[in-house]
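Quick notes on the structure that follows.
The values are calculated or read from the model by the stated rules, or taken from the named source; none is laboratory data. The model shown is predicted, which means the values in this text are computed figures rather than measured ones. Cβ placement follows ideal geometry from the backbone for every residue including glycine, while neighbour counts extend to all protein chains displayed. Quick note on the areas: whole protein, heavy atoms, side chains included, nothing else; ligands and nucleic acids left out. Shrake-Rupley method; radii C 1.70, N 1.55, O 1.52, S 1.80 Å.
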Amino acid sequence: MQTLLNDITEQLARETERGKVADYIPQLAEVDPHQFGISLATVEGERFSAGCAATPFSIQSISKVFTLTMGLGKLGDGLWANVGREPSGDPFNSIVQLEHEGGKPRNPFINAGAIAVVDAIMMGHEPRESLAEILSFVRYIADDTSICFDRQVAASEMAHKDRNASLAHFMRAFGRLRHDVDKVLGTYFHQCAIAMSCEQLAHAGLFLASNGVNKPSNLRVVSPQRARRINSLMMMCGHYDASGEFAFRVGLPGKSGVGGGILAIAPGRGSLAVWSPGLDTYGNSLLGARALEMFVQRTGWSVFGH
């Protein structure tokens, strides 16, 4: 496995087409697009990494997997009252479907859906309390207490919040949000601004590859059924309107973020995290997706068979 990760990293280092960093969040626009990292955490407890796998980056929408897990833990199937489970087919920050569908977001991984999940897990608490709970959960599943929020990224997102604020106000107008919009958005932006390395992220995703059990503590995070359902949503909706293309090329449940990271789950085998800041036109890491495709081609780890 180490040789494979080294080969992928060396091959991608020669790529000239690297995508474009997310310049609509000024703090992310400053990230060097030539970085690449990859890390694998297996269910047997092995760890393999290559490239910039120890460099922290803003996980952005990958955090939605963790807040969805928390929301299901708090509310169970009641969470689906205000969030759907269908692919959107539209960009991650689209407002169009909310108009047609009574302010109910299609799924928890588009921005509107993730904002609705944050509103659900706040349960009357202030942003500070909710953020402490989110960070505590991420540190627990990653087994790393050094993980923190990148306050500069959060502030940068807050300063350019208009579209997300529009989504939130629109949902509140339909009675879908219970909390003050600014408090929900403040929580949401900080959640997206969690900084993690590929090594930390791969470890954090391991419970989804292990039937819901956190490794190496062997403590249960979610039931096997819930782990399967979260994985199914990642497969269908984890790459926005390019989710079908990712399933076609890679064949693993995955969640991308505009910070350039992708978390991919190989059920029963392991958790993969890749990071390359340059994005494709859909907002997904260009080289990250290519790296995962190369990995699956060499290992046969696709959920659809060898």
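Listed by first and then second residue, the pairs linking a residue in region 116-128 that is among the small types (Gly, Ala, Ser) to a residue that is part of a helix (DSSP H, G or I), with Cβ atoms under 7 Å apart and 6 or more places separating them unless they lie on different chains, are ALA116/MET171; ALA120/GLY71; ALA120/LEU75; ALA120/LEU79. Among the residues of region 111-124, those that are part of a helix (DSSP H, G or I) and either touching a helix residue (DSSP H, G or I) at 6+ places or on another chain (Cβ under 6 Å) or surrounded by fewer than 24 Cβ atoms within 10 Å (Cβ to Cβ) (or both) comprise ASN111, ALA112, ALA114, ILE115, VAL117, VAL118, ASP119, ALA120, ILE121, MET122. Scanning region 129-159 for residues that are surrounded by 15 or more Cβ atoms within 10 Å (Cβ to Cβ) and of a type in the set (Ser, Thr, Tyr) returns SER130, TYR140, SER156. What about GLY278, is it buried (at least 24 other Cβ atoms within 10 Å of the Cβ) and either without any contact (Cβ under 8 Å) to a residue 60 or more places away in the chain or within 27 Å of PRO56 (Cβ to Cβ) (or both)? Answer is no for this residue. Looking only at residues in region 26-54 that are over 17 Å from the mean Cα position of the chain (by Cα) and among the β-branched types (Val, Ile, Thr), the one that is nearest to LEU286 (Cα to Cα) is VAL31. Check region 223-239 and report whether any residue there is on the phi > 0 side of the Ramachandran plot and either of a type in the set (A, V, I, L, M, F, W, C) or touching a Lys or Arg at 6+ places or on another chain (Cβ under 9 Å) (or both). Checking region 223-239: not a single residue is on the phi > 0 side of the Ramachandran plot and either of a type in the set (A, V, I, L, M, F, W, C) or touching a Lys or Arg at 6+ places or on another chain (Cβ under 9 Å) (or both). Take THR16 and tell me if it is more than 24 Å from PHE92 (Cα to Cα) and of a type in the set (Ser, Thr, Tyr). When the stated conditions are applied, THR16 passes them. Checking the stated criteria, ASN111 turns out to be more than 26 Å from SER39 (Cα to Cα) and within 16 Å of the chain's Cα centre (by Cα). Considering region 143-220, the qualifying helices (runs of 4 or more DSSP H), each wholly inside and each with 2 or more residues that are within 18 Å of THR69 (Cβ to Cβ) and either of a type in the set (A, V, I, L, M, F, W, C) or at pLDDT below 95 (or both), run over 198-204, 206-209. Does region 220-237 contain any residue that is open to solvent by less than 10 Å² (accessible area, probe 1.4 Å) and basic (Lys, Arg)? No, region 220-237 has no match at all. A single member of PHE304, PHE248, PHE295 is in a helix (DSSP H, G or I) and in contact (Cβ under 8 Å) with a residue 24 or more places away in the chain, and it is PHE295. Please verify whether region 278-292 includes one or more residues that are farther than 24 Å from ARG14 by Cβ and of a type in the set (Asp, Glu). No, because not a single residue in region 278-292 is farther than 24 Å from ARG14 by Cβ and of a type in the set (Asp, Glu).
Annotation note: of LEU263, LEU233, the sole residue that is part of a helix (DSSP H, G or I), touching a Leu at 6+ places or on another chain (Cβ under 8 Å) and touching a residue at least 60 places away in the same chain (Cβ under 8 Å) is LEU233.
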